[in-house]
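*Asks:* Have a look at the structure that comes next, please.
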Amino acid sequence: MTAAADAAPAGIDKAPPTGYSHRQIMVILSGLLLGMFLAALDQTVVSTAIYRIGESLNGLTAQAWVTTAFLITSTIATPLYGKLSDQYGRKPFFLFAIAVFIVGSALCMLSTSMYMLAAFRAFQGIGAGGLFSLALAIIGDIIPPRERARYQGYFMATFATSSVLGPVIGGALAGQDQLLGIDGWRWIFLINVPIGIVAMAVVAKVLHVHQERRPHRIDYPGAVALMIALVPLLIVAEQGREWGWGSVTSLLCYGIGVVGTVLFLVFERKAGDEALLPMRLFRNGVFSVGSAQSAIIGIGMFGGITLIPLYLQLVKGNSPTKAGLLTLPLMLGIMVFSMVSGQVTSKTGRYKIFPVIGCLLLVAGMLMLWQLSADSSLFYIDLAMFVVGAGLGLNMQTLVLAMQNAVPPRDIGVATSSATFFRQMGGTLGVAVFLSIVYSVVGGKIGSAFAEARGTAAFQQAAQAHPDQVKILSAASGGNSGSLNDTSFLKRLDPALAHPFKTGFTDAINVAFLVGAGVLVLAFVLALMIKEVPLRTTAAAFADKEEATAGSATGSDAVQP
């Protein structure tokens, strides 16, 4: 950065055309990190407390809709924010996303039923869809790819802090019947309001990003077609296990989703550069391969990570809060290797090697999780999670960086939101598929484990001493989803009687981990196909202006005699 940049006046919107100074970047980052912290904290807090919320609102069976509603709106909103912010500017949409998130949080706090909570979470998701994607897009605007590693630690620290605080806050608040006259779980949403207000104030004051404005029109047909495509597909991904994947309702969702997808592709091709997701970007090899790899990593990442807390709670008997804290090795792996890859990329300008190594680590980590048993030590579990986290750390930021660097500066928002969008879609599919695998084989696995255990002296002795517990096990040993909705009975059983149930459940999730490893092999193949494009040394906001100036100069030269 230049000395002139450092001497720039307080009005950051008057930054020199060569780029932003370190001081200016840090001021802008303060607002971005608050918004990202708001979204990251909400995810971990709500997931920890959702069971207690369901009990309070007498709607345990409707828990899935609370998650599904939020997921649908946030996923659909992500590409909309990317495209519209490319056209109109980042700041107004980032402020809008925070404001919607705050209002949605306040409404969630007032919910009196699970279906009302699901509706308000859907509204909240509209804001959440812009918090991550726009923050990453703004980072792409203000920080050149070669310099981004200097600031990567701040992003990772934000995620790590939310990962530590989320389970603790969620468990502590959900465990309170009343706090200052308000139900404990309602504070989970209420705490978003003051944090969000502070974030809005900071962003409004400090976020002044240089961005070229262009003539534009809104792609309404593409937006409607995207909703028609995604809503039924996301619903069936979340509910298909309960409905049956071949049920009439599921088939209807598939059909509507396919029609919506075809319409979306037709409208996007017709809209050209004004499309929400311009088809020309897929002619860019880095963008197309990066999008596919983001989706596949999302399948393995979210699918696998969903099962680890289940194992820690059901098999190891930890509380939701403690299980969340026990996943810290995963976050540590992400932080350490994300920072390492960023520093090396900053110094060398090379990045292709990191997704390749990262995907190998992801496959290795999944294979380690495949070898879990009911008696595995915490050290082994921590090591497996750290390896998976290392693989994610080498992939997540690097893929976004590669996609942002490969597209024209004017498409930074679309490229960033696309990476988030495809990873989210892959994650939704991964969670649905992995849980379906577990619940489809768990009955047979538990039955086999009990058949083997009945011949042991320890099981027979415990069965004779606790005949009442044997009756409970007989009702639960079928392993159907109903018996797994409430597994608190395991804590009341003799360890020798509970062990076969835990063994059978572990064997079932092992099948899903093995499938995850196979899926991530595809990500490794795609990583080999990524073409390494030299990293830009100019921030996108100013590279965009330089391109426009160069184009004007070329045009002027062309008309001179």
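*Asks:* Go through 29-35, 269-275 and give me the packing order, highest mean Cβ count within 10 Å leading.
*Replies:* Per-residue Cβ counts within 10 Å, averaged per peptide and sorted highest first, yield 29-35, 269-275.
*Asks:* At a 10 Å Cβ-Cβ cut-off, how would you order 499, 208, 22, fewest neighbours first?
*Replies:* With the fewest neighbours first, 499, 208, 22 line up as 22, 208, 499.
*Asks:* Mind giving me the FRET efficiency for residue 116 and residue 208? R0 is 22 Å, r the Cβ-Cβ distance, nearest 0.05 is fine.
*Replies:* Plugging the Cβ-Cβ distance into 1/(1 + (r/R0)^6) gives 0.05.
*Asks:* Using 7 Å Cα-to-Cβ label points, what is the residue 528/residue 436 separation (nm, one decimal)?
*Replies:* My value for the distance between the label points is 2.9 nm.
*Asks:* Here's a follow-up. Residue separation times 0.36 nm, minus the C-alpha to C-alpha distance between residue 249 and residue 380: what's the value? Write down the numbers at each step before the final one.
*Replies:* On the way: separation 131, 0.36 × 131 = 47.16 nm, distance 4.23 nm.
Once the chain is fully extended between residue 249 and residue 380, it gains 42.9 nm.
*Asks:* Now for a separate question. What residues from the range 372-392 fall in the zone where the backbone N is under 16 Å from a label point 7 Å along the Cα-to-C-beta line of residue 452?
*Replies:* Hits in the range 372-392 for residue 452 at 16 Å: 372-376.
*Asks:* While we're here: Non-local amide H neighbours of residue 143 (under 5 Å, H modeled in plane, Pro and chain starts lacking H): which ones?
*Replies:* Amide H neighbours of residue 143: 540.
*Asks:* Enter the Cα centre distance for the pair the range 75-94 and the range 215-258, rounded to the nearest angstrom.
*Replies:* When both Cα centres are located, 22 Å separates them.
*Asks:* Here is a further query. For the range 200-351, what relative contact order do you get, as a whole percent, if you take Cα pairs closer than 8 Å and at least 6 residues apart?
*Replies:* Numbers: 88 pairs, mean separation 25.2, N = 152.
This gives 17 percent for the range 200-351.
*Asks:* Then there's this: Residue 261 to residue 180: extension gain in nm, 0.36 nm per residue of separation minus the Cα-Cα distance? The partial results should precede the final answer.
*Replies:* Values: separation 81, 0.36 × 81 = 29.16 nm, distance 4.88 nm.
Gain on stretching residue 261 to residue 180: 24.3 nm.
*Asks:* Got a sec to turn the phi values of the range 422-439 into Karplus ³J(HN,Hα) couplings, 6.51 cos²θ - 1.76 cosθ + 1.60 with θ = phi - 60°, whole Hz, x for Gly and Pro?
*Replies:* These are the phi-based 3J(HN,Hα) values: 5, 5, 5, 5, x, x, 4, 5, x, 4, 4, 5, 5, 5, 5, 4, 4, 6 Hz.
*Asks:* Could you work out the local net charge near residue 433, counting Lys and Arg as +1, Asp and Glu as -1, over the other residues with Cβ closer than 13 Å to its Cβ?
*Replies:* Residues near residue 433 contribute 0 overall.
*Asks:* For each of 322, 91, count neighbouring Cβ atoms within 10 Å of the residue's Cβ, then give the residues from fewest to most.
*Replies:* Lowest to highest Cβ neighbour count: 322, 91.
*Asks:* I would also like to ask the following. Give me 350, 52, 217 ranked fewest to most by other Cβ atoms within 10 Å of their Cβ, as a rough exposure proxy.
*Replies:* 217, 350, 52
FYI, it's all coordinate maths here, none of it is from the lab. Bear in mind the structure is a predicted one, so any value in this text is a computation, not a measurement. Note that each Cβ is placed from the backbone with ideal geometry, even for glycine, and that neighbours are counted across all protein chains shown.
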